[in-house]
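Student: Okay, here's the structure, questions in a sec.
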Amino acid sequence: MNSVTNSKERQVSSDAFLVSKTDTKGKITYCNMPFAEIVGAKSSELIGKPHNIVRHPDMPRVIFKFLWEYIKNKKEIFAYVKNRSFDGSFYWVFANVTASIDERGNIIGFYSVRRKPNPKALEIIIPLYKDLLNAEKSGGMDASLKLFERILKEKNTTYDEFMNNLQRL
C-alpha cells in the first residue's frame with residue numbers, strides 16, 4: 001500500500017456495488033471484484049488485512065465513531081466515506097454497513113455495501129468533513145463530535161436523516 005496520497009480521483013461506476021465483509025476485529029474476510037479493482041489490489045492482497053488499510057487521511061474520525069456505535073449495537077448505518085486506493089488515489093462511496101449476526105444473535109462480523117455517492121451530496125459532505133477534521137486536529141474527537149451535533153441540531157435532523165436525505169438530493 002502506497003502511504004502517499006495524490007489528487008487523482010477514481011469514480012465508482014453507477015451500477016457497481018463494492019462489497020466487503022470483515023471479522024469482528026475489522027479484518028477483511030471477503031471482498032468482491034469491484035471493491036478490489038477500485039482499491040487497485042487483488043483480493044488475496046486484501047483478505048486478512050484490516051479494513052482501515054483503505055482509510056483516507058481526509059476522513060474525520062468522528063464518522064467512524066458513529067459507524068462503530070451503530071454496528072456494535074446491531075443497527076445499520078449509512079455514511080459517506082472517502083477511501084484511498086493502493087496507488088494513493090482516492091474514491092468516494094455511499095456506504096451501508098451492518099453487523100453479520102449468527103443464529104444466536106451474536107455479532108460474527110460486519111458487512112458493507114458501497115455505491116456511487118450522489119455528487120450533489122458530496123458538495124455538502126466535502127466541506128463538512130473538512131470542518132470536522134479541522135475541529136479534530138485542534139480539539140480532538142470531542143470537538144469534532146460537538147461541531148457535528150451542533151450542525152445536526154441546527155438542521156433539525158438526525159444523523160440518519162441527514163445522510164439519507166443527502167443521497168436523495
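The values are calculated or read from the model by the stated rules, or taken from the named source; none is laboratory data. These figures come from a predicted structure and were not determined experimentally. Here the Cβ positions follow ideal geometry from the backbone for every residue, glycine too, while neighbour counts run over all protein chains shown. Heads up: the accessible areas ignore ligands, DNA and RNA and are worked out on the full protein's heavy atoms, side chains in. Shrake-Rupley method; radii C 1.70, N 1.55, O 1.52, S 1.80 Å.
Student: Among the numbered criteria (1) open to solvent by 20 Å² or more (accessible area, probe 1.4 Å); (2) aromatic (Phe, Trp, Tyr); (3) not in a strand (DSSP E or B), which single criterion is violated by residue 35?
Tutor: (1)
Student: Another one. Hey, can you tell me all the residues within region 107-129 that are of a type in the set (A, V, I, L, M, F, W, C), free of Cβ contacts under 8 Å to residues at least 60 places away in the same chain and closer than 15 Å to residue 95 by Cα?
Tutor: Of everything in region 107-129, those that are of a type in the set (A, V, I, L, M, F, W, C), free of Cβ contacts under 8 Å to residues at least 60 places away in the same chain and closer than 15 Å to residue 95 by Cα turn out to be 121, 122, 125.
Student: Tell me, which residue of region 89-109 that is farther than 14 Å from residue 35 by Cβ and of a type in the set (A, V, I, L, M) is most open to solvent (accessible area, probe 1.4 Å)?
Tutor: Within region 89-109, the match that is most open to solvent (accessible area, probe 1.4 Å) is 108.
Student: Please enumerate the residues belonging to region 103-161 that are among the hydroxyl-bearing types (Ser, Thr, Tyr) and touching a Lys or Arg at 6+ places or on another chain (Cβ under 8 Å).
Tutor: The answer is 111, 112, 129, 144.
Student: Another question, then. Among the residues that make up region 66-80, is at least one of them in contact with a helix residue (DSSP H, G or I) (Cβ under 9 Å, 6 or more places away or on another chain) and more than 25 Å from residue 169 (Cβ to Cβ)?
Tutor: no
Student: Please specify each residue of region 78-88 satisfying the condition of being touching a residue at least 60 places away in the same chain (Cβ under 8 Å) and either open to solvent by less than 30 Å² (accessible area, probe 1.4 Å) or assigned to a strand (DSSP E or B) (or both).
Tutor: Answer for region 78-88, where residues must be touching a residue at least 60 places away in the same chain (Cβ under 8 Å) and either open to solvent by less than 30 Å² (accessible area, probe 1.4 Å) or assigned to a strand (DSSP E or B) (or both): 78, 79, 80, 84, 85, 88.
Student: Kindly check whether there is at least one residue in region 114-128 that is buried (at least 16 other Cβ atoms within 10 Å of the Cβ) and of a type in the set (Asp, Glu).
Tutor: No, region 114-128 contains no residue that is buried (at least 16 other Cβ atoms within 10 Å of the Cβ) and of a type in the set (Asp, Glu).
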